[in-house]
Amino acid sequence: VLHPLTLKVYNYFVPKTYDLAQLPVFALELPVWKFWVGNIYVDDFAELHTKDMFIRESIGGVVPSAGVGTAFSRKLLEQLGVDNQGDPFKIGNLTEDYEIGIRAKRGGFRVGVVSCPIERVVRRPRKDGTLGAPEVVTEYVAVREPFPTNFQVAVRQRSRWILGISFQTWEQTGWAGSWAERYTLLRDRRAPLTHLINMIGY
């Protein structure tokens, strides 16, 4: 679900500031008790897309594309195509969006996440169906996404992310780069170890 100002934000930041700009991605909130699986993504992505991604950028680390909410400059897309036999995306990679952020960073392109909070006037519905008084709320120009609500589907998605990021992209891209890039790669590739420790702990 794209924010109405998404394209205006992209037009402002790409290519003037970034060659690859990532908007924050947030999970759509669902009724807690009915959709407890889908709601595990709410905190997960809020932590990643309001803190972690910005720290990665500020220290010069790898800022991955989350797939949705990513805008590319023409220059970057053309170079990615040249590097991969005409196709910007490596189709065989399970997490090609994540991998493309590494390729862009190593290619010397400007990669970052865009924080664009805006104020908007809303009128919330009352229980009797009428609208309440106007109030000003602050919201991010972000992508809202429904995540899997089924346990098996959620496990499959998480497994794909771990396999693609921790193993496949590790094999394809290695550990090259500055200390900041290697540090962020280490954070991404620690998942098999930390998940194992969590499982043993539980």
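The values are calculated or read from the model by the stated rules, or taken from the named source; none is laboratory data. In this text, all values refer to a predicted model and were calculated from it rather than measured experimentally. Glycine also receives a Cβ, built like all others from the backbone with ideal geometry; neighbour counts cover every protein chain displayed. Quick note on the areas: whole protein, heavy atoms, side chains included, nothing else; ligands and nucleic acids left out. Shrake-Rupley method; radii C 1.70, N 1.55, O 1.52, S 1.80 Å.
General remarks:
- Count of the range 140-177 residues which are charged (D, E, K, R) and without any contact (Cβ under 8 Å) to a residue 40 or more places away in the chain: 3
- Test: residue in the range 149-159 that is within 16 Å of the chain's Cα centre (by Cα) and of a type outside the set (Ser, Thr, Tyr): yes
- Qualifying residue in the range 68-76 (condition: open to solvent by 10 Å² or more (accessible area, probe 1.4 Å) and part of a helix (DSSP H, G or I)): yes
- For the range 121-135, the criterion of a residue being surrounded by 12 or more Cβ atoms within 10 Å (Cβ to Cβ) and over 19 Å from the mean Cα position of the chain (by Cα) is satisfied by no position.
- Index of the failed condition, Pro148 passing every other in (1) farther than 30 Å from Gly107 by Cα; (2) open to solvent by 50 Å² or more (accessible area, probe 1.4 Å): (2)
- Residue that is in a loop (DSSP other than H, G, I, E, B) and either open to solvent by 60 Å² or more (accessible area, probe 1.4 Å) or not basic (Lys, Arg) (or both), where the choices are Phe45, Phe89, Phe54: Phe89
- Taken together, the residues in the range 151-197 that are exposed (fewer than 12 other Cβ atoms within 10 Å of the Cβ) and on the phi > 0 side of the Ramachandran plot amount to 1.
- Only one entry in Gly81, Gly61, Gly101 is open to solvent by less than 30 Å² (accessible area, probe 1.4 Å) and part of a loop (DSSP other than H, G, I, E, B), namely Gly61.
- Residue count for the range 1-42, restricted to those that are more than 14 Å from Gly112 (Cα to Cα), outside any loop (DSSP other than H, G, I, E, B) and either open to solvent by 30 Å² or more (accessible area, probe 1.4 Å) or in contact with a helix residue (DSSP H, G or I) (Cβ under 9 Å, 6 or more places away or on another chain) (or both): 9
- Cβ pairs under 9 Å, 6+ apart, first in the range 74-96 and in contact (Cβ under 8 Å) with a residue 12 or more places away in the chain, second acidic (Asp, Glu) and open to solvent by 70 Å² or more (accessible area, probe 1.4 Å): Pro88/Glu78
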